[in-house]
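Peer 1: This is the structure, below, for whatever I ask next.
The values are calculated or read from the model by the stated rules, or taken from the named source; none is laboratory data. Computed from a prediction, not measured in an experiment: that's the story for all the values here. Cβ: placed from backbone, ideal geometry, glycine included. Neighbour counts: every protein chain shown. The protein model used for the area step is the full one, side chains on, heavy atoms only, and it has no ligands, DNA or RNA in it. Shrake-Rupley method; radii C 1.70, N 1.55, O 1.52, S 1.80 Å.
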Amino acid sequence: MDYDGIFSNAIAGIKDEGRYRVFMDIERKNGDFPSAIWHTEAGEKEIVVWCSNDYLGMGQHPDVIKSMKDAIDKVGTGSGGTRNISGTHHYHVMLEEELADLHDKEAALLFTSGYNSNEASISTIAKLLPGCIIYSDKLNHASMINGVLGGKCEKRIFRHNDVEHLEQLLSNDDPKKPKIILFESVYSMDGDFAPIQEFCDLADKYNCMTYMDEVHAVGMYGPRGGGVAEELGLMDRVDIIEGTLGKAFGLMGGYITASKNIVDCVRSFAAGFIFTTSLSPTITAGALASVRHLKNSTIEREVHQERAATLKTKMREAGLPVMPSNSHIVPLLVGDPIICKQVSDMLLNEYGIYVQPINYPTVPRGTERLRFAPNPLHNDDMMEHLVTSLKAVWLKLKIDK
């Protein structure tokens, strides 16, 4: 058996399709975000990052950095183990209390990533509900899909954001069976919002639980950064809200917030939580500072929304194919994986602009795109340079979209 040949052929296959992923070796410049240094074999090159999920630049906020440095001086670096053995630190407790308060829930639970929080929580909750049926939006994140698979229960996939299709599926099932509706508040590749109120109305009508992923919204929407549900006044209608510390809050880690009993069940039964070394207290301290800051400061959110709207306007005026998006996400349609990679490479090599191509399976085939994430620190000069560079690349490659 030629084991290595099998792996080599698998890689060759995705290279032939134009969707082989190349990791860029970059070094962010503290105090000068979104500028960064790109390390290449030919040497170093200064670039501007346009695809970071550090949406508000909180990863370099002075309060966050100071809190992390203070935590290192106080407690050291690593957590020392799993939460069950030796890895629960006071920073974890304080952050969970802060997150529960952010979402107006009884309790919260920290995970090492947003992926882990979704996968572990969904699978655990599904297993605890006898005969559970899960109704999952077609465009839900891979972590949610794997959580459903891990729950080993019946599942129904409804068309993206399609309230009527969801109700049709709900009405066809046994009303006595426990049910969970899974959806995201903001879908990160298209930048559209879920009809949260309508989903909650269906949950009430058909006696379902609701589980909402707010990872691309926490910190960025609502008066205190509680997400889209806070902005719409719907937090009390969503049973479980999942979020991340790795995007708007600028660190890493994930969490769920819910009732005490739900959180305690996930804490007690989820293997993805029980057997994983907990977040470093240093990281947790930084996240705590970030959450507290964004609860009290709205300027980052206000500027961020203005920057996203401005970039969309500039791209449309330049005749570039901006995909419809009501959120902070700015997707630019290319429609071909090979051309998408060529555009990305040209922007980086010739114009110092870093934006990764988004290809299948992240998005459907034929909808390959560049996904821009402007933040409060992308100034007008950077935007003008970006739009001018995009127009030049579109012309050079004769892209007709």
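Peer 1: What's the angle, to the nearest 10 degrees (0 to 90), between helix 3-16's Cα axis and the longest principal axis of the chain?
Peer 2: In the chain, helix 3-16 runs at an angle near 60 degrees to the longest axis.
Peer 1: Considering the dipole of segment 229-359 built from charges on the beta carbon (Lys and Arg +1, Asp and Glu -1) around the Cα centre, which of CYS340, VAL303, SER259 is farthest to its positive end?
Peer 2: SER259
Peer 1: Could you state the accessible area per residue of the chain in Å², with a 1.4 Å probe and every protein chain left in place? Spell out each step's value before the answer.
Peer 2: Details: 17900 Å² over 401 residues.
Spelled out: the 1.4 Å probe surface of the chain, per residue, equals 45 Å².
Peer 1: Here's another thing I want to ask about it. Taking chymotrypsin sites (Phe, Trp or Tyr not before Pro) that fall in a DSSP loop and have at most 13 other Cβ atoms within 10 Å as cut points, what is the longest piece of the chain between them? Walk me through the intermediate numbers first.
Peer 2: On the way: sites that count: PHE23, PHE275.
Value returned for the longest uninterrupted segment is 24-274.
Peer 1: Excluding residues fewer than 8 places away in the same chain, name every one of the aspartates and glutamates whose C-alpha is closer than 17 Å to that of LYS312.
Peer 2: Hits, sequence-local ones excluded: ASP190, ASP192, GLU302, ASP380, ASP381, GLU384.
Peer 1: Given the Cα-Cα distance of THR40 and ASP73 and 0.36 nm per residue of separation, how much length would full extension add, in nm? Write out the running numbers ahead of the final one.
Peer 2: Values: separation 33, 0.36 × 33 = 11.88 nm, distance 3.46 nm.
Here the segment from THR40 to ASP73 would lengthen by 8.4 nm.
Peer 1: Then there is this: How big is the dipole moment of the chain about its Cα centre under a simple scheme where the beta carbon of each Lys and Arg is +1, that of each Asp and Glu is -1, and everything else is neutral? Debye, nearest 20, please.
Peer 2: On the way: 41 positive and 54 negative charges, 84 e Å.
Roughly 400 debye for the chain.
Peer 1: Amide H neighbours of ARG156 under 5 Å, at least 5 residues apart or on other chains, H built in the peptide plane: list them.
Peer 2: Residues meeting the amide H criterion: ILE134, TYR135, SER136.
Peer 1: Given the options ASP25, ASP192, ASP204, which has the most mean-square fluctuation in a GNM of the chain, springs set between C-alpha atoms less than 10 angstrom apart?
Peer 2: ASP25
Peer 1: Tell me which GluC sites (Glu not before Pro) from segment 1-108 have a DSSP coil assignment and no more than 16 other beta carbons within 10 Å of their own.
Peer 2: Values: sites: GLU17, GLU27, GLU41, GLU44, GLU46, GLU96, GLU97, GLU98, GLU106; in loops: GLU17, GLU41, GLU106.
Here the sparse-neighbourhood loop sites are GLU17, GLU41, GLU106.
Peer 1: Turning to a different aspect of this structure: Could you check the simple spin-label distance between TYR360 and ILE65, using points 7 Å along Cα→Cβ, in nm with one decimal?
Peer 2: So the two model labels end up 4.4 nm from each other.
Peer 1: Take the alpha carbon atoms of segment 210-294, find their radius of gyration, then divide it by 2.2 N^0.38 Å using N residues; give the quotient.
Peer 2: Values: Rg = 13.2 Å, N = 85, 2.2 N^0.38 = 11.9 Å.
It is 1.11.
Peer 1: Beyond 39 Å, what percent of the Cα pairs of the chain remain? Numbers along the way, then the final one.
Peer 2: On the way: 16296 of 80200 pairs.
Here the tail beyond 39 Å accounts for 20 percent of pairs.
Peer 1: For the pair GLU154 and THR310, what calculated FRET efficiency results from E = 1/(1 + (r/R0)^6), where r is the Cβ-Cβ distance and R0 = 60 Å, to the nearest 0.05?
Peer 2: Details: r = 46 Å, r/R0 = 0.77.
Here the calculated transfer efficiency is 0.85.
Peer 1: Which entries in LYS29/LYS341; LYS247/LYS398; LYS205/LYS247; LYS127/LYS260; LYS176/LYS247; LYS15/LYS396 show an alpha-carbon gap greater than 28 Å?
Peer 2: Details: LYS29/LYS341 25 Å; LYS247/LYS398 35 Å; LYS205/LYS247 34 Å; LYS127/LYS260 18 Å; LYS176/LYS247 39 Å; LYS15/LYS396 23 Å.
Correct reply: LYS247/LYS398; LYS205/LYS247; LYS176/LYS247.
Peer 1: Turning to a different aspect of this structure: Roughly what % of Cα-Cα distances in segment 301-401 sit above 24 Å, to the whole percent? Display every interim value, and only then the final one.
Peer 2: Working: 823 of 5050 pairs.
Of the Cα pairs, 16 percent sit more than 24 Å apart.
Peer 1: Per the 1.4 Å probe, what fraction of the accessible area of the chain, in percent, lies on carbon and sulfur atoms? Spell out each step's value before the answer.
Peer 2: Details: 9430 of 17900 Å².
Here carbon and sulfur together make up 53 percent of the probe-accessible area.
Peer 1: Another one. Specify whether the C-alpha gyration tensor of segment 110-231 places it in the rounded, prolate or oblate class, a ≥ b ≥ c being the square roots of the eigenvalues: rounded for a/c under 1.5, otherwise prolate if a/b is larger than b/c and oblate if not. Numbers along the way, then the final one.
Peer 2: Values: a/c = 1.78, a/b = 1.27, b/c = 1.40.
Judged from the Cα gyration tensor, segment 110-231 comes out oblate (a/c at least 1.5, b/c at or above a/b).
Peer 1: By how many nm would the segment from ASP2 to MET24 lengthen if fully extended, with 0.36 nm per residue of separation less the alpha-carbon distance?
Peer 2: Contour length minus Cα-Cα distance gives 4.8 nm.
Peer 1: Show me, for segment 310-315, the HN-Hα J-couplings you get by feeding each phi into the Karplus relation (A = 6.51, B = -1.76, C = 1.60, θ = phi - 60°), rounded to Hz, glycine and proline as x.
Peer 2: Running phi through 6.51 cos²θ - 1.76 cosθ + 1.60 with θ = phi - 60° gives 5, 5, 4, 4, 4, 5 Hz.
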